[in-house]
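Undergrad: The structure under discussion is supplied below as structure tokens; questions concerning it will follow.
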């Protein structure tokens, strides 16, 4: 049973989604009619709007939280975040970092994964972005797990830290490489994401020159399959590019 | 510094990888020559074989552990596992289940993600598969997190459990659906993976008929990018199909 | 130098395209301003609108003609048509057929390829579609090469013809297979395009049962690459599905 | 009925293909047994080897001819060639050129498409490659349509020609651009294929600088679909990269 302050995902029969915070007696209006949320509402419930449209009350997935961060920046996609996590050893209890905080999408996924026995250090140089990320992380109740640091890492470095994995989502990843060398535990993970091939190339060679082992660069595609009684087929359109992911490991000199 | 019994990934300059258990003074032979592992060896070290070839000593990623499970069955790919995790709310502390255990590849990734504050229930009907999965999980030191259950879920159901997410990797997912209805917390997650479109269709309609909300079915592609000084280009060959992923949520009646 | 009645492609600096028929002194208005086309205009010319926008006067490609047919139906994509032609032996002088005419997009490409020493038979059962196809073919000056036949081939068969290749773009290709058996020269080509898996499967087995050799079914993806001084990357969105192409050969009994 | 000297494609029940020249009474041996080809053999026939294996006698497609050129070089793929043709206005009667001849794969497809009312000029600077291309074109009976020119176009230019389309498959397409400017009819087509991003970028800007209009750069993927009674699914592996295609048009100064 949802309590005041619990997050839930509202999914309309048409496929619209809303990430909402439960409050007993609150109302919500959509193109498909109005809804009232009352005590006793539970994940898995189906509601009818005053216009008779169906709405499902669901547990938000990482995917939902990521998509619904309030944003100032483009966000990372779940397909990429999932792959980034699998390409490192991170899980419950890991100590990880990201540059920059963006809107907090990756931060959210990291915090859920490492949990309260782990820690996420989130570096960002622009105050307005950091604000959004902090707001989102608080909304999701993950603020104990994340430490936000306002800093231009390219200029000033990270400071006195060690990380099991560093996730880099800035336009010039190569400016971070030498600083990263000092804070990633040897044998552990660098992951960067860049949209352009020039960025990939420059980062790749900077990593090698600085004493990293570059494992691979990949891109991921996601295609939806439409399932209908009269015929199953792939969707006609898809996101065909978000970025290239580069995975590397720090080496001892 | 590695201790006896620690796992490490050995990565040759040619790209061959070996998942090994450290033992002081042990030796290892490859096509590129022989190596001896001695006290003081640390993640991030570079070793030279007696033939002069370079080898890197690295922290195994989830990806590495998954690829290196000893197997009797085809395994899930990291791109798919990562997406499955993002499509659910799982992270540190989650209570999850899988049918079947396979060779323990997904089990491994689940256990790392949920950690010791979480739990993974792994159902399998064939004893010989279960044995492999158990062996792999023990090798990886994750046995406290996973409970293995030998059972034909299609026939007998799950028993008295509740899960935040159920991962289904069997040839006939539709036979699991009615049993799943009773153990997935309402609003929470069903994820199945099937190679053929007929399986997707049959599972999709069985889920709807049984009172699930089907969110989407997707397929993921992974393409490597080759980075060389003289030219960057996509790799000429790729894995183009592993399976279709279907994500659904349990609903209250 | 363009003469009255010549087709040309007008390409704006913003990427809008118009397929126009030249007439000395005619004017044309766009969002980017007005243009006047005067005697002496030649393929390759750059024009300026009264608002100062650049427009290029270009020779229409097959691609342009296909995209610009006036349409009642969805059209085939150049990536698919090009592959269909390569998968058969057709070229200058070939005798080929299609079911149905659609809006004349494939008809156009076929007519340009086989030329006046070849012949295209275009079968269509709905008069209104045929009208569009005829209109487009006339506009392109290809009417000598194409014979349009109003007929429900599934019901009545083709009649007394022989073809080197038959291109099938109807919702139920399997209804054409037995008729096709009689008109495709043995050893020669069947090509069908269907959006759904179920259509592919039904057509495949009907072809085998009827004495065809099925070579393969494929799908093609086309992704644009954006080239900018500051960075080259794939386009963020793409058409991810048009249809599956099935290639088969007629066999002697 | 096949006559001495006719080409045919032999397709084994296992999927092996052979491009053969018919000669009455000739024999052929394969892993699946021996075959004898006798008078009366016709496209569409099914033969049995002495070991009982089935073989189909088929009309070679463009695709088959392209795949079966005797080669010294990597060849263009049908998916790319088909798209190149659709992206230009070529068909029966067109006057076109290519640099370089390679093994004659593209040359073959061009010659079939333009036919005897058209012309293909094939420029190549290495004599040994040209020899292969000539041999293949003769084997296919297309030698009247193709003129082979031994010349380093990058150094010496094309000479006194005009083309409706120029197809460029050399490592440094930008070296051809200024020469191409003089021989492509204004408004008509440049098509180049390059495997690396850097080549695409350099060619793109050289084309613009030289007074071409660059329409687009694309890449094409081809994925096979496996159709079996018990399940239809995409093939597990595919060719994921051959090259990027750049389409441009010559402009008047």
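The values are calculated or read from the model by the stated rules, or taken from the named source; none is laboratory data. This structure is a prediction, so every number in the text was calculated from the model and none was measured. Heads up, the Cβs are rebuilt from the backbone with ideal geometry, glycines too, and the neighbour counts pull from every protein chain shown.
Undergrad: The conditions are (1) touching a residue at least 12 places away in the same chain (Cβ under 8 Å); (2) within 13 Å of chain A (Cβ to nearest Cβ); (3) in a helix (DSSP H, G or I), and residue B:154 fails exactly one of them. Which is it?
TA: (2)
Undergrad: A further question follows. Every residue in segment B:235-247 that is in a strand (DSSP E or B) and at pLDDT below 95, please.
TA: B:237, B:238, B:239
Undergrad: All but one of (1) assigned to a loop (DSSP other than H, G, I, E, B); (2) within 28 Å of residue D:223 (Cβ to Cβ); (3) in contact with a strand residue (DSSP E or B) (Cβ under 8 Å, 6 or more places away or on another chain); (4) more than 8 Å from chain D (Cβ to nearest Cβ) hold for residue C:88; which doesn't?
TA: For residue C:88, the exception is condition (4).
Undergrad: Something else now. Can you run down the residue pairs with Cβ atoms below 7 Å, 6 or more apart or on separate chains, where the first is in segment C:226-241 and not assigned by TED's automatic domain parsing to the domain that holds residue C:195 and the partner is at pLDDT 95 or above?
TA: The qualifying pairs do not exist here.
Undergrad: Another one. Within segment A:91-109, count every residue that is more than 14 Å from chain B (Cβ to nearest Cβ), touching a helix residue (DSSP H, G or I) at 6+ places or on another chain (Cβ under 6 Å) and part of a loop (DSSP other than H, G, I, E, B).
TA: 3
Undergrad: While we're looking at this one, here's another question. Just to be sure, is residue C:190 buried (at least 24 other Cβ atoms within 10 Å of the Cβ), more than 24 Å from residue D:219 (Cβ to Cβ) and in the same structural domain as residue C:77 (by TED's automatic domain parsing)?
TA: yes
Undergrad: Could we say that residue A:134 is part of a helix (DSSP H, G or I) and more than 25 Å from residue B:58 (Cβ to Cβ) here?
TA: yes
Undergrad: Considering only segment B:110-131, state which residues are out of contact with any strand residue (DSSP E or B) (no Cβ under 8 Å at 6 or more places or on another chain), assigned to a helix (DSSP H, G or I) and within 21 Å of residue B:87 (Cβ to Cβ).
TA: Correct list: B:112, B:113.
Undergrad: Residue by residue through segment D:38-52, note down the ones that are touching a strand residue (DSSP E or B) at 6+ places or on another chain (Cβ under 8 Å) and either surrounded by fewer than 17 Cβ atoms within 10 Å (Cβ to Cβ) or within 14 Å of another protein chain (Cβ to nearest Cβ) (or both).
TA: D:41, D:42, D:43, D:44, D:45, D:46, D:47, D:48, D:50, D:51, D:52
Undergrad: Inside segment C:196-218, can you point out the residues that are buried (at least 22 other Cβ atoms within 10 Å of the Cβ) and at the interface with chain A (Cβ under 9 Å from one of its Cβ atoms)?
TA: Selection gives C:197, C:199.
Undergrad: What's the total number of residues in segment D:18-47 that are outside any strand (DSSP E or B) and within 15 Å of residue D:60 (Cβ to Cβ)?
TA: Residues meeting the conditions: 6.
Undergrad: Follow-up question, since we're still on this one. Applying the selection to segment D:179-219, what residues are in contact with a helix residue (DSSP H, G or I) (Cβ under 7 Å, 6 or more places away or on another chain) and outside any strand (DSSP E or B)?
TA: If the condition is that a residue be in contact with a helix residue (DSSP H, G or I) (Cβ under 7 Å, 6 or more places away or on another chain) and outside any strand (DSSP E or B), then D:179, D:197, D:199, D:202, D:203, D:206, D:207, D:210, D:211 are the ones that fit.
Undergrad: So which residues in segment A:137-151 are part of a helix (DSSP H, G or I) and more than 15 Å from residue A:115 (Cα to Cα), if there are any at all?
TA: If the condition is that a residue be part of a helix (DSSP H, G or I) and more than 15 Å from residue A:115 (Cα to Cα), then A:139 is the only one that fits.
Undergrad: With the requirement that a residue be over 13 Å from residue C:221 (Cβ atoms), buried (at least 20 other Cβ atoms within 10 Å of the Cβ) and at the interface with chain B (Cβ under 10 Å from one of its Cβ atoms), what does segment D:235-253 give you?
TA: Passing the criteria: D:243, D:244.
Undergrad: Here's another thing I want to ask about it. Kindly list the number of the only condition in (1) buried (at least 24 other Cβ atoms within 10 Å of the Cβ); (2) in a loop (DSSP other than H, G, I, E, B); (3) facing chain D (nearest Cβ under 8 Å) that fails for residue C:82.
TA: (2)
Undergrad: In this structure, is residue D:71 surrounded by fewer than 21 Cβ atoms within 10 Å (Cβ to Cβ) and either under 18 Å from residue D:194 (Cα atoms) or touching a residue at least 60 places away in the same chain (Cβ under 8 Å) (or both)?
TA: Yes, satisfied.
Undergrad: Now for a different question. Would you mind stating whether residue B:94 is surrounded by 24 or more Cβ atoms within 10 Å (Cβ to Cβ), at pLDDT 95 or above and outside the structural domain of residue B:32 (by TED's automatic domain parsing)?
TA: So residue B:94 fits the description; yes.
Undergrad: Test residue C:232 against the stated conditions and say whether it is at the interface with another protein chain (Cβ under 7 Å from one of its Cβ atoms) and either under 24 Å from the mean Cα position of the chain (by Cα) or assigned to a strand (DSSP E or B) (or both).
TA: yes
Undergrad: May I pose another question? Can you tell me which residues in segment D:165-199 are closer than 15 Å to residue D:107 by Cα and in contact (Cβ under 8 Å) with a residue 60 or more places away in the chain?
TA: D:165, D:166, D:167, D:168, D:169, D:170, D:191, D:193, listed by residue number.
Undergrad: Kindly evaluate residue A:65 against the criterion of being crowded, with 22+ Cβ neighbours inside 10 Å and not in a loop (DSSP other than H, G, I, E, B).
TA: yes
Undergrad: Also: Check whether at least one residue in segment C:157-167 is modelled with pLDDT of 95 or more, surrounded by 23 or more Cβ atoms within 10 Å (Cβ to Cβ) and closer than 29 Å to residue D:244 by Cα, and report yes or no.
TA: Yes: one or more hits.
Undergrad: What do you reckon, is residue B:23 at pLDDT 95 or above and surrounded by fewer than 13 Cβ atoms within 10 Å (Cβ to Cβ)?
TA: no
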